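The values are calculated or read from the model by the stated rules, or taken from the named source; none is laboratory data. Just so you know, these numbers come straight off a predicted model, no measurement behind them. Here Cβ is always computed from backbone atoms with ideal geometry, including for glycine, and neighbour counts include all displayed protein chains. To get the accessible areas, we keep the full protein, side chains included, count just its heavy atoms, and leave off ligands, DNA and RNA. Shrake-Rupley method; radii C 1.70, N 1.55, O 1.52, S 1.80 Å.
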Amino acid sequence: GCFLTNCDMSVDLGNGIGADFVLIDELDDPLGRYSLNHPFYMMTTEVTQGMFQEVMGYDSRDGQSTSYGDGDNYPAYYVNWHMAAHFANTLSVLQREQECYSCSGSGTSVTCSETINPYECSGYSLPTEHEWELAVRSGTSAEFWTGEGSSLGGTSSNSSCNTTIQDGVSNPPLSDYAWFCGNQTGTSEVAQLSPNGFGLYDMHGNVWEWTSDWYGCTYPNGGTWCNSGSSRVLRGGGWNSIPSYLRSSY
């Protein structure tokens, strides 16, 4: 029943397009900083243009350039935080799950806010920072997962766009795991590079990913959701990012 990747659960969105999820049940931060209380599902890919169109009924790039990658399996871009939350909330409505947000307006002008702590909501929501970092690390204490070496990964060899992941074993190129300034001039179709240990793709690079947290707390703050601040937190880096922006901790 999976659509683009291996999965533990999938959601059929129509017209042959669907979203795949894996269950994350390793809830202790590999660096020992926090633990979460319950497992959660994480989509195995970034939200694609096809998914966004099927759920929302419009192109996320409405009124913007489409020159950075175009097609059902390319990631949706020009998505602000409110549009991302609206996508999650609309998916909850379609699947008859609990709504995690209250939204007003429509399209690119929608505004949303949480109606419940995302850790307590059983519907679809953006991952918290703690969930996102648990997912991207997939059991490793290193900045980039490779599955090899004492840390199951390593850090980038340098800050240039031509860099390797120093895991002490094969030291593979970062371009095996991420679309970034070293191998791309726009977005790429999802799930084309190597997944991490949890089966998640493009956690580093391709497009930046929104979280539920505000940028206003000292992270990590005991595994609790940061619900105050002046802006929302982005993670993972994008197709034009330098290696340091792609790190699990950035």
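Can you say whether Ser125 is among the small types (Gly, Ala, Ser), modelled with pLDDT of 95 or more, more than 14 Å from Pro243 (Cα to Cα) and touching a helix residue (DSSP H, G or I) at 6+ places or on another chain (Cβ under 8 Å), as far as the supplied structure shows? Quick ask: steps written out before the conclusion?
On the way: among the small types (Gly, Ala, Ser): yes; modelled with pLDDT of 95 or more: yes; more than 14 Å from Pro243 (Cα to Cα): yes; touching a helix residue (DSSP H, G or I) at 6+ places or on another chain (Cβ under 8 Å): yes.
Answer is yes for this residue.
Restricting attention to region 206-230, the residues that are in contact with a strand residue (DSSP E or B) (Cβ under 7 Å, 6 or more places away or on another chain) and in a loop (DSSP other than H, G, I, E, B) add up to 10. Taking region 234-250 as the range and being open to solvent by 10 Å² or more (accessible area, probe 1.4 Å) and in a strand (DSSP E or B) as the test, only Leu234 passes.
Residues of region 196-230 that are among the hydroxyl-bearing types (Ser, Thr, Tyr) and within 30 Å of Thr163 (Cβ to Cβ): Tyr201, Thr211, Tyr215, Thr218, Tyr219. Being over 20 Å from the mean Cα position of the chain (by Cα), touching a residue at least 24 places away in the same chain (Cβ under 8 Å) and in a loop (DSSP other than H, G, I, E, B) is true for just one of Gln64, Gln98. Which residue is that? Exactly one of Gln64, Gln98 is over 20 Å from the mean Cα position of the chain (by Cα), touching a residue at least 24 places away in the same chain (Cβ under 8 Å) and in a loop (DSSP other than H, G, I, E, B), namely Gln98. Considering the conditions (1) under 22 Å from Asp70 (Cβ atoms); (2) open to solvent by less than 20 Å² (accessible area, probe 1.4 Å); (3) of a type outside the set (Ser, Thr, Tyr), Asp167 is excluded by exactly one of them, (1).
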